[in-house]
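J.: Sharing a structure with you now.
The values are calculated or read from the model by the stated rules, or taken from the named source; none is laboratory data. These figures come from a predicted structure and were not determined experimentally. As a convention, Cβ positions derive from the backbone with ideal geometry for all residues, glycine included, and neighbour counts pool all protein chains shown.
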Amino acid sequence: MRKDLRDFEGNTPVFIDATIFLHHAFDTNPVSVEFLNRIELSSVKAYTSALVLEEVSYKIMMQSASNYLERVTVRYVKKFLENPKNRGKVLSPLIEYIDYIGKLQEAGMSVIDLKGSDMKQAAHLAKENGLVTADAAHLAVMFRKSINHIATEDSDFAAVPSITVWSPSAK
């Protein structure tokens, strides 16, 4: 089931997918920004995973690198980061955003570690629900922690009947 993120009450646990953080980081969706502001005020029981934070970190780093490179590939970014001066330029936005994640944690958001058993379940969930493995891993973490709600822009999660998808663009 897919619902509008603006209507999320916050009295039930919700897992936050990378898309919500990226909307906030790049200021591309006011609904996602407002939702994370509610977490800052401790009015939402929020959870995410270390895997989500890795996805967010990678995308922020690559976006930052695009400001300095004509062609952004992993190989070119790695080469660019060999120079310590370039590291500061590219990684400063990432460090700033990770600091923001720390503020959300101080406000009560929990970051759940990914376990090997989650990946075993993720393989089965990917097959059952037609998800890519990263999304299936998020689902495995949610199930392990009995979280049935997810805040995400990713419509692929709507195929999972046992969860409620809260989307910033549901209307």
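J.: In region 65-84, is there at least one residue being within 16 Å of the chain's Cα centre (by Cα), in a helix (DSSP H, G or I) and surrounded by fewer than 18 Cβ atoms within 10 Å (Cβ to Cβ)? Before you say what the answer is, go through the steps one by one.
T.: Let us first name the residues in region 65-84 that are within 16 Å of the chain's Cα centre (by Cα), namely none.
Taking every residue of region 65-84 in turn, none turns out to be within 16 Å of the chain's Cα centre (by Cα), in a helix (DSSP H, G or I) and surrounded by fewer than 18 Cβ atoms within 10 Å (Cβ to Cβ).
J.: Moving to a separate point now. Of all residues in region 38-57, which are surrounded by fewer than 22 Cβ atoms within 10 Å (Cβ to Cβ) and either at pLDDT below 95 or among the basic types (K, R) (or both)?
T.: Across region 38-57, the qualifying residues are R38, E40, L41, S42, S43, K45.
J.: Please go through region 31-57 and give me each residue that is part of a helix (DSSP H, G or I), free of Cβ contacts under 8 Å to residues at least 40 places away in the same chain and of a type outside the set (K, R), ordered by number.
T.: Of region 31-57, the ones part of a helix (DSSP H, G or I) are 31-40, 50-57.
Imposing the further condition that a residue be free of Cβ contacts under 8 Å to residues at least 40 places away in the same chain reduces the set to 33-34, 37-38, 54.
Within region 31-57, V33, E34, N37, E54 qualify.
J.: Which residues, counting only those in region 98-132, are polar (S, T, N, Q) and either part of a loop (DSSP other than H, G, I, E, B) or surrounded by 12 or more Cβ atoms within 10 Å (Cβ to Cβ) (or both)?
T.: Keep residues of region 98-132 that are polar (S, T, N, Q), which gives 105, 110, 117, 121, 129.
Within region 98-132, Q105, S110, Q121, N129 meet the criteria.
J.: Ok, one more. Among the numbered criteria (1) in contact with a strand residue (DSSP E or B) (Cβ under 8 Å, 6 or more places away or on another chain); (2) more than 30 Å from P13 (Cα to Cα); (3) among the acidic types (D, E), which single criterion is violated by E70?
T.: Of (1) in contact with a strand residue (DSSP E or B) (Cβ under 8 Å, 6 or more places away or on another chain); (2) more than 30 Å from P13 (Cα to Cα); (3) among the acidic types (D, E), only one is false for E70: (1).
J.: Just checking, how many residues over region 136-145 are surrounded by fewer than 22 Cβ atoms within 10 Å (Cβ to Cβ) and in contact (Cβ under 8 Å) with a residue 24 or more places away in the chain? Please lay out each step first, then the result.
T.: The initial filter retains those residues of region 136-145 that are surrounded by fewer than 22 Cβ atoms within 10 Å (Cβ to Cβ), namely 143-145.
After this cut, where a residue has to be in contact (Cβ under 8 Å) with a residue 24 or more places away in the chain as well, the list is 144-145.
The total comes to 2.
J.: Now a separate question. Name the residue, out of I20, I95, I60, that is within 19 Å of K145 (Cβ to Cβ), in a helix (DSSP H, G or I) and modelled with pLDDT of 95 or more.
T.: Numbers: I95 fails: within 19 Å of K145 (Cβ to Cβ); I60 fails: within 19 Å of K145 (Cβ to Cβ).
I20 is the lone residue from the list that is within 19 Å of K145 (Cβ to Cβ), in a helix (DSSP H, G or I) and modelled with pLDDT of 95 or more.
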